[in-house]
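Read the structure below first, then the notes.
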Amino acid sequence: DSGWHNIMNPDRIEFLISQCHKKFLKKNGLIDKINYISDLIKTSDLFRAYLKDKRVVKILEKLKKKKFVGLMTHVIFKHAKSKYAKLGWVPHQDNSYAKMKNGSYITTNLFLHSANKDNGCLYLYPGSHKIGLVDSKSYYSYNASSSQKPGNRVKYDLNQFHKIDLEINKGDFLVMSGNLIHGSYGNYSKKLSRHLLSFNYGVKGEKFSPGITAKRKSISLT
């Protein structure tokens, strides 16, 4: 949309339609609406192909020596000077949403722009994944307003970890434990955007919380 809000599960056509229904309603003729739906289907197919990319699946299976399923996808824009550009995520664990045991939840991020602290790069607390899933306070995430800092609040003393800013290049690919505590800065750059594609996975057969908004589900990667 005009504010560059994040997009949840673009690999699912029902999610795409739900998040762009205003644009759909502006299509006047039947053919225009049909063509628009066709474009959405192509978009969802593209993101599903990213989620199931064999190179990624091979990396995950090598790391854990187990089979994986896809759980959800996400696009976070932080488009320069847009309404949601300055949304900086507080320290959180992605697994605080899925609540998977045994270190079974993994997040991957594909960065479409180079990023540093000025345009909203991630910051990490290396080693924090070893403490497992910690207590946290639920807070706005997908539905956060432009003035809120999204992310479940971890209830843990972070001073024991050395925080690092993850400066990255366009095209870099991050594989991260779902228990790793991390966050991100707001994008205060007037020129540089920081778009990323996020794909989340879980060990096959492990239980997880679907979530009220994300509606995680087990997606075969074969």
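Worth a mention:
- The stretch 55-69 - phi-based ³J(HN,Hα) in whole Hz, Karplus 6.51/-1.76/1.60, Gly and Pro as x: 5, 5, 4, 5, 5, 4, 5, 5, 5, 10, 6, 9, 7, 10, 10
- Computed from phi, the 3J(HN,Hα) profile of the stretch 206-219 under the Karplus parametrisation 6.51, -1.76, 1.60 (θ = phi - 60°) reads 7, 6, 8, 8, x, x, 5, 9, 5, 6, 3, 8, 6, 10 Hz, with x in place of Gly and Pro.
- Over 32 Å between alpha carbons, listed pairs 67/191; 52/170; 99/149: 67/191
- Label-to-label distance for residue 41 and residue 170 is 3.2 nm, based on points extended 7 Å past Cα in the beta-carbon direction.
- Above-threshold pairs, the threshold being 19 Å between Cα atoms, out of 66/207; 78/137; 22/190: 78/137; 22/190
- Amide H to amide H, with H built 1.01 Å from N, residue 72 comes under 5 Å of 200, counting only residues 5 or more places away or on other chains.
- Charged neighbours of residue 27, selected by a Cβ distance under 12 Å, balance to +2 (K, R count +1; D, E count -1).
- Note on residue 158 and residue 204: the extension gain reaches 13.5 nm, defined as 0.36 nm multiplied by sequence separation minus the Cα-Cα distance.
- For the chain, the per residue solvent-accessible surface stands at 56 Å², with DNA, RNA and ligands left out and a 1.4 Å probe.
- Residue 67-residue 116 pseudo-label distance in nm [points 7 Å out on the Cα-to-Cβ vector]: 4.6 nm
- Cβ-based net charge around residue 175, under 13 Å, with every Lys or Arg adding one and every Asp or Glu removing one: 0
- Per-peptide average of other Cβ atoms within 10 Å, ordering 117-126, 10-19 highest first: 117-126, 10-19
- Karplus (6.51, -1.76, 1.60) ³J(HN,Hα), θ = phi - 60°, over the stretch 141-157, in Hz, Gly and Pro reported as x: 10, 4, 8, 4, 7, 5, 9, 9, 9, x, x, 4, 7, 6, 9, 7, 6
- By the helix-only formula, in which each DSSP H run with n ≥ 4 contributes -39500 (n - 2.57) and the sum is divided by residues, the chain has a 222 nm mean residue ellipticity of -6500 deg cm²/dmol.
The values are calculated or read from the model by the stated rules, or taken from the named source; none is laboratory data. Just so we're clear, the structure is a prediction, and the values are computed from it rather than from any experiment. Cβ sites come from the backbone with ideal geometry, for glycine too, and all protein chains shown count toward neighbours. Note: areas computed on protein heavy atoms with side chains; ligands, DNA, RNA excluded. Shrake-Rupley method; radii C 1.70, N 1.55, O 1.52, S 1.80 Å.
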